[in-house]
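Here the structure is laid out as structure tokens; the discussion comes afterwards.
Laboratory data are not the source of any read-out in this text; all were calculated from the coordinates shown. For clarity, every value in this text was computed on a predicted model and none was experimentally measured. Virtual Cβ from ideal backbone geometry, glycine too; neighbours counted across all protein chains shown.
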Amino acid sequence: MKKYSLLFVLVLAFIGLNAQVQPHAIGARLGGGYYGTGFEVSYQHGFGDKNRLELDLGLASKYSSSSMSIAGIYQWVWGLGEGFNWFAGPGAQMFFYKNNSLIAIGGDIGVEYDFNVNLDTPLQISLDTRPMWGFAKYDDGFGWGAALGIRYTF
């Protein structure tokens, strides 16, 4: 059992070594789900090579009304291979509807490919999901949203 534990720790250490976070990225997230807004303008600010802050502004029109959301997610990033990373972290999201507002707390987990690594192209593509627990006067509980992200890195 000790051999497997040591192997597991070594694999995790190796995976974390080759993660590379870009200093800045801006683009869009397109997705849905219970706490998904459809379209979000997305900005990422890197803190070193292994973590970043993602801020998203979402706009949607569902249930015959328009809504807006603001999300903030702190992400830790781990390398999977040349240009491939996976990320996870805690966050919060606020939704504003016609007659209601909602605060959701949860996290984000996903995978991404950074075209800077192999192709020297300032582009990043990601796929992630956000499980969240919402708190509102009329609508609360567990929900999630998934999205495809496309960002220009600089």
> What is the Rg over Rh value, at two decimals, for segment 52-129, using alpha-carbon atoms and the Kirkwood definition of Rh?
Replying inline: 1.09
> Do any chymotrypsin sites (Phe, Trp or Tyr not before Pro) in segment 20-89 lie in a loop, going by DSSP, with at most 10 other beta-carbon atoms within 10 Å of their beta carbon, and if so which?
Replying inline: Tyr63
> Which is farthest toward the positive dipole end of segment 98-154 among Pro122, Met132, Asn99, measuring Cα position about the Cα centre, with Cβ charges +1 (Lys, Arg) and -1 (Asp, Glu)?
Replying inline: Asn99
> Looking at segment 59-154, which trypsin sites (Lys or Arg not before Pro) are DSSP coil and have at most 14 other C-beta atoms within 10 Å of their C-beta?
Replying inline: Lys98, Lys137
>> Modelling each spin label as a point 7 Å along the Cα-to-Cβ direction, I'd like the Ile103/Ser65 distance in nm, to one decimal.
In response: 2.0 nm
> Can you list the HN-Hα couplings for segment 144-154, worked out from phi with the Karplus curve (6.51, -1.76, 1.60; θ = phi - 60°), rounded to whole Hz and with x for Gly and Pro?
Replying inline: 7, x, 10, 8, 9, x, 10, 9, 8, 9, 8
